[in-house]
Structure formats: structure tokens, C-alpha cells
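Participant: Here it is, the structure, as C-alpha cells.
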Amino acid sequence: HRYLTCLRLRASLERLADSDDLTTLALELGFSSHSHFADSFKREFGRTPSEVRRYVGSRRLREMSKNLEV
């Protein structure tokens, strides 16, 4: 389960900058809801998806996803 969650979170980093709707992104990635996605994301990265998207550019998000350990 942890491995799959890490894969989903890695995918979310790659798609976060280009996604307008976090709920849709969460569901497309296999999370049961926006809150489940946000909680998992914050637990892993220490910030919510909205905070990361606001402060980190799309190029940096892609770099982060490549460095994420699975």
C-alpha cells in the first residue's frame, strides 16, 4: 500500500502545476477524495498540494518527483 501511495504522490507532483482542480486530480490518481489526497500529500511533503503549487514552479515540481524515493 505504501509503495502505491508513493507512486501516486510522485505522479501528483508531475501533474500538480498543470491541474486546475485538485479534487479531479486526486480522483484520477486513485485517492478516494480530495481530503485523503491532501492528508497523504501533507504527511509525505509537509505541505498541502495547494501550498506546494503556489510556491513551487512546475519545473521544480517535476524535479521533486524524480527525486522522490519509492
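Participant: Here are Val56, Val52: which of them is open to solvent by less than 80 Å² (accessible area, probe 1.4 Å) and at pLDDT below 85? Let's see the steps before the verdict.
Facilitator: Numbers: Val52 fails: at pLDDT below 85.
Sole residue among the options that is open to solvent by less than 80 Å² (accessible area, probe 1.4 Å) and at pLDDT below 85: Val56.
Participant: Same structure again: Search the stretch 30-42 for residues being surrounded by 16 or more Cβ atoms within 10 Å (Cβ to Cβ) and farther than 13 Å from His1 by Cβ, and hand back the single one that is farthest from the chain's Cα centre (by Cα).
Facilitator: Keep residues of the stretch 30-42 that are surrounded by 16 or more Cβ atoms within 10 Å (Cβ to Cβ), which gives 31, 34, 37-38, 40-41.
Still in the running and farther than 13 Å from His1 by Cβ: 34, 37-38, 41.
On the way: His34: 11, Phe37: 8, Ala38: 8, Phe41: 6 Å.
Here the residue is His34.
Participant: Working only within the stretch 1-29, note down all residues that are open to solvent by 80 Å² or more (accessible area, probe 1.4 Å) and aliphatic (A, V, I, L, M). Can you show your working first?
Facilitator: First, the residues of the stretch 1-29 that are open to solvent by 80 Å² or more (accessible area, probe 1.4 Å): 1-4, 14-15, 18, 20, 27-28.
Leu4, Leu27 - these are the residues of the stretch 1-29 that are open to solvent by 80 Å² or more (accessible area, probe 1.4 Å) and aliphatic (A, V, I, L, M).
Participant: I would also like to ask the following. How many residues are over 10 Å from the mean Cα position of the chain (by Cα) and of a type outside the set (Asp, Glu) if we restrict to the stretch 18-29? Spell out how you get there, then give the answer.
Facilitator: Of all residues in the stretch 18-29, those over 10 Å from the mean Cα position of the chain (by Cα) come to 18-21, 23-24, 27-28.
If we keep only those that are of a type outside the set (Asp, Glu) too, we end up with 19, 23-24, 27.
Result for the stretch 18-29: 4.
Participant: Could you grab the pairs with beta carbons closer than 6 Å, sequence gap of 6+ or different chains, first residue in the stretch 33-53 and without any contact (Cβ under 8 Å) to a residue 12 or more places away in the chain, second one in a helix (DSSP H, G or I)?
Facilitator: Note: pairs meeting the criteria are Thr48/Ala38; Thr48/Lys42.
The values are calculated or read from the model by the stated rules, or taken from the named source; none is laboratory data. Source: prediction; values computed, not measured. Every residue, glycine as well, gets a Cβ built from its backbone with ideal geometry; the counts of neighbours run over all protein chains shown. These accessible areas exclude ligands, DNA and RNA; they are computed on the full protein's heavy atoms, side chains included. Shrake-Rupley method; radii C 1.70, N 1.55, O 1.52, S 1.80 Å.
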